[in-house]
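Structure record follows, encoded as structure tokens.
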Amino acid sequence: MTNPLPGLAKGFVILAEPTPQWAILYAQEAARISAALGPAVVAIEHYGSTSIPGIKAKPIIDLLVGVPQLNDALNHIAAMEALGYDYAAHAGVPDHHIFGRGAARTHLAHFVEHEGPSWFECLRFRDALRADLELALAYERLKVELATRHPQDRAAYTEGKTTFVTSVLAAGA
């Protein structure tokens with residue numbers, strides 16, 4: 001499979017125009033991971049901004065990979081490496097084990113405990129944006145502003161979204 005995503009170098013923030021192709025790329029990658037890991041994976045969901053139709057996003061497909069226990073992800077390092085991923089041991093996302101594909105990232109597979117707090121939180125945020133176009137567009141405006149201010153500081157970009165994400169999750173609680 002050739003990968004039409006250009007990839008995003010570590011630390012950089014570039015937003016791309018939305019495309020229906022993101023959903024196709026997610027489905028292809030979810031199928032690859034499912035085939036490689038089999039029943040060890042309970043479910044895989046498309047999340048992150050590429051899963052929200054109509055908004056700009058970093059051109060990285062985020063996959064939420066549900067496993068029975070969080071540390072079960074560590075049993076799959078070799079299988080994920082065979083798919084072109086590396087384990088990002090120090091990614092800094094609590095309750096996630098993250099695997100990145102490509103030196104310039106094209107995909108991030110976030111392994112979390114299926115139906116654990118992180119699983120539900122990620123999907124609640126995604127679903128809130130999918131259900132409310134105005135909310136999704138407000139998030140896009142914030143992302144554009146942060147990307148303009150922090151084009152080479154992904155940590156600052158991500159931190160700048162925290163209040164928005166927290167408020168959306170609190171409103172839906």
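The values are calculated or read from the model by the stated rules, or taken from the named source; none is laboratory data. Since the structure is predicted, the reported quantities are computational estimates derived from the model, not experimental observations. Please note: Cβ atoms are built from the backbone with ideal geometry, for glycine as well, and neighbour counts cover all protein chains shown. To get the accessible areas, we keep the full protein, side chains included, count just its heavy atoms, and leave off ligands, DNA and RNA. Shrake-Rupley method; radii C 1.70, N 1.55, O 1.52, S 1.80 Å.
On the basis of being of a type in the set (S, T, N, Q) and surrounded by fewer than 17 Cβ atoms within 10 Å (Cβ to Cβ), does residue 163 make the cut?
Yes.
Those residues that are of a type in the set (D, E, K, R) and open to solvent by 40 Å² or more (accessible area, probe 1.4 Å), I need them from region 82-133; list them, please.
86, 95, 105, 113, 115, 121, 124, 127, 130, 132
Any idea which of 109, 138 is under 25 Å from residue 32 (Cβ atoms) and either at pLDDT 95 or above or out of contact with any Leu (no Cβ under 9 Å at 6 or more places or on another chain) (or both)?
Of the residues listed, the single one that is under 25 Å from residue 32 (Cβ atoms) and either at pLDDT 95 or above or out of contact with any Leu (no Cβ under 9 Å at 6 or more places or on another chain) (or both) is 109.
Does any residue in region 134-147 that is more than 16 Å from residue 14 (Cβ to Cβ) and open to solvent by less than 30 Å² (accessible area, probe 1.4 Å) come within less than 7 Å, Cβ to Cβ, of a residue that is part of a helix (DSSP H, G or I) and not aromatic (Phe, Trp, Tyr) six or more places away or on a different chain, and which pairs are these?
What qualifies is 136/129; 139/129.
Sort out which residues of region 16-43 are touching a strand residue (DSSP E or B) at 6+ places or on another chain (Cβ under 7 Å) and crowded, with 20+ Cβ neighbours inside 10 Å, and write them in order of number.
22, 25, 26, 29, 30, 33, 41 - these are the residues of region 16-43 that are touching a strand residue (DSSP E or B) at 6+ places or on another chain (Cβ under 7 Å) and crowded, with 20+ Cβ neighbours inside 10 Å.
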